[in-house]
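> Once you've had a glance at the structure underneath, I'll fire off some questions.
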Amino acid sequence: MASTTKQQTQREIFSPEIVKQGVEGSGPYAGSLSFSVKVRQGIPDFLSSVNLKYVKLGYTYCITHGLYFLTVPVLIFISAVVLRNLTGKEYWSRDNIVTNTASTISLLAVILYAYVRLIPRSTYLVDYACYLPPIELKISKEEFIKLARRSGNFDDDGIQFQDRVLKHSGIGDESYLPRSVFEPGKTLTLNDGREEAAEVIFGVIENLIFNTGMRVKDIKILILNCGSLNTTPSLSAMVINHYKLGHDIVSFNLGGMGCAAGVIAVDLAKDLLNAHPGSYALVVSTEIVSSAWYNGKDTEMLLPNCFFRMGAAALLLTNHHFGNWRAKYQLKQLVRTHKGTDDKSFKCIHTKDDSEKKQGLVVNSKHLLEVGGEALKANITTLGPLVLPFSEQLRFIMTLLNKKTKLYIPNFKLAFEHVCVLATSKKVLHEVQKNLELTEEYMEASKKTLERFGNTSSSSIWYELAYLEAKSRIKRGDRICQIAFGSGFKCNSIVWKALKTNTTAAGNRRRKNPWIVEDE
C-alpha cells in the first residue's frame, strides 16, 4: 500500500502542471484571465499519463485514413496496365477492335467509379466574409465605463471591476457594442436580441454574397451557430424565411456551444456535404451580445460584458470534385476535444440566475484555467501526428519511449505557416504563445483582432484570417491552424491549406474585408 502511494505521489509531481493564476488583481494584466501549462523535465512515468492516449488517438486517425492512400497506387497501377494495352498494335487489330474498345471503356468506367466512391471528397472553403458593424456602434473603453455608470445598472464595485478588466484586457477603443445594453432602466428583451441577430446575420450573408457572387437558391445546407440566443422559430429558420430558401434545404441551428461552435459547424457541414456530394453549405457563426449581457452585481458574471463584442462570420463550403478551381482553401484536418465528462469542465462556464434573478454567464476562473489548459494540451497532442513532419514525430516518439531522455516538445511552427488563436484576452494569448513557443508573427493576427474587434466569440478566428489576407500574408500552399475554446469544456482546431495567394489590397472592392474600410 505504501509503495502504491509513493508511485502515485511521484506521478503527481512529474505530471504536466497547470499553473492557476485566476483573474490578475494588479500589474500589466490586471483583470485578465490566465493559465499556464508547464511540462516538467525528466517525466519518469509519461507512458501511463493521459498524454499518450491523445498521441495514440492522433495516429489512429492516420491509420484509419491510410486505406485511401493505399487505394490511389492500386488505381494508378491498373490505369498504367490499361494504357500499356492501348498502345499495343495487336490490341487495335481489325479482328479485336470492337471487343477491346468495349472492354477498355468498361474498365476505365470501373476505375473512375472506384476513384469517385473510394477516395473521400475534399471539403473546400470557397470564400468567407466577416461583419463590420456601423461606425456609430464603435465604443472606446472610456465611453464603455461612462455609459455603464450612466445606465444605473451597476454598483460602484461593478463599475470599478469592469474598468480594471477593460484597461488590461487587450481590447482597444474601436470595438462594437449595441447601445441598447446601456439604456438606463431598460430590461433587455427577446426583441432586442432578434434585432441584433438580424443586423449581424443578414449583414454578413450579404457580404458573403458580394464576395462570392453566390445564388442563395444554390444553398443546400444551412448551419447557424449562436451560443446565447435561441429563439422559436430558430435563427436558421429566420435566414430561410428572409432569403426564401428551398423547402428541401438541410438546416441546423447550434446553440449553447460557446466560442468553439464555429469549428463544430464546419465539421457538421463537412459530414453533411459527404451525404449530399457536390452541394453548397452556408455556415454562419455569431454571438448576440444583448442576449448575453448581464446587468447585475455579481463580478464573476461581469467578465463577459468586458470581452464580448458584436461580430459574425459567414462561410461558403463545398465538396464538389472541381471545387478547388474556385475555392480559396482546402480543409486538411479538424480535431475536436471535449472534456464534458469531467464535472469541473462541464460547470466552469454556465448560465445562471444571480440572487436578484438576473441571468448571466458565469466564468469560474479557478476551474476554467485548469480545464482550459488540459483541453488545449489534449487537442494539440492529438493534432500533432496529423500535421507534424515525420522528422519531428520521430524525435518526439523516441524521447517518449525513452524515460531517461528529456521529453522533446515538437516544433509546431514547422507544421503551420499561420496560427489563429481565438481572441480571448491579452494574458490568455500570451500564455498560449509561451506554451506553444510561437513567435510574435504567429500571434499577430490574434492580438490585433482582440485589440480591434474584441472577442467576437466563434467568429473571432475568421477576423484573424481576414487580417492575414489584408496584410497579404497568405501564399499558395500555406497552412493555417485555427484554435478555438468553448464551454463544455471544448478545444477545437482546424487546419486549412491555401489553394491560391489570397490578398485583399486596399482599394480592391471585389471583396469585403473588415480590416479595410475606405468609407471611414
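The values are calculated or read from the model by the stated rules, or taken from the named source; none is laboratory data. Just so you know, these numbers come straight off a predicted model, no measurement behind them. Reconstructed Cβ throughout: ideal geometry from the backbone, glycine too, with neighbour counts over all protein chains shown. Just the protein is used for accessible areas: all its heavy atoms, side chains included, with ligands, DNA and RNA removed. Shrake-Rupley method; radii C 1.70, N 1.55, O 1.52, S 1.80 Å.
> Could you give the size of the charge dipole of region 196-301 about its Cα centre, using +1 on the Cβ of each K and R and -1 on the Cβ of each D and E, expressed in debye and rounded to the nearest 20? Provide the component values of the computation, followed by the final result.
Working: 6 positive and 10 negative charges, 74 e Å.
Dipole size: approximately 360 debye.
> Hey, can you rank 131-138, 333-340 by average C-beta count inside 10 Å, highest first? Working shown, then result.
On the way: 131-138: 16.5, 333-340: 18.8.
With the highest mean Cβ count within 10 Å placed first, the list reads 333-340, 131-138.
> First compute the accessible area of region 356-395 with a 1.4 Å probe, then give the percent of it belonging to carbon and sulfur atoms.
On the way: 900 of 1600 Å².
Carbon with sulfur: 56 percent of the solvent-accessible area.
> Let me ask something else about it. Can you send over the solvent-accessible area of H430, 1.4 Å probe, protein chains only, in Å² to the nearest 10?
60 Å²
> Putting +1 on Lys and Arg Cβ atoms and -1 on Asp and Glu Cβ atoms, find which of V250, H276, A313 reaches farthest to the positive end of the dipole of region 225-322.
A313
> Whose amide H sits under 5 Å from the amide H of I474, counting only residues 5 or more places off or on another chain, with H placed in the peptide plane?
Under 5 Å from the amide H of I474 lie the amide H atoms of N502, each far enough along the sequence or on another chain.
> Picking from V371, T424, T382, whose Cα lies most toward the positive end of the charge dipole for region 283-432 (charges on Cβ: Lys, Arg +1; Asp, Glu -1)?
Towards the positive end, the residue furthest out is T382.
> Return the long-range amide H neighbours of S175 (sequence gap of 5 or more, or a different chain), with a cut-off of under 5 Å between placed amide H atoms.
Under 5 Å from the amide H of S175: I139.
> While we're on this one: Expressed as a whole percentage, what fraction of the accessible surface of region 154-280 belongs to carbon and sulfur atoms when a 1.4 Å probe is rolled over the protein heavy atoms?
Working: 2660 of 5370 Å².
Solvent-exposed carbon and sulfur of region 154-280 make up 50 percent of the total.
> Pop out the Kirkwood hydrodynamic radius of region 293-370 from its pairwise C-alpha distances, inverse of mean 1/r, in Å to one decimal.
Details: mean 1/r = 0.0613 Å⁻¹.
About 16.3 Å for region 293-370.
> Using the Cα centre as the reference, give the magnitude of the dipole from point charges on the C-beta atoms of region 150-189 (Lys, Arg: +1; Asp, Glu: -1; all else neutral), rounded to the nearest 20 debye. Walk me through the numbers on the way to the answer.
Details: 5 positive and 7 negative charges, 24 e Å.
I would put it at about 120 debye.
> To continue, here is another question. Heavy-atom accessible area per residue, region 122-190, 1.4 Å probe: how many Å²? The partial results should precede the final answer.
Working: 3070 Å² over 69 residues.
Spelled out: the 1.4 Å probe surface of region 122-190, per residue, equals 44 Å².
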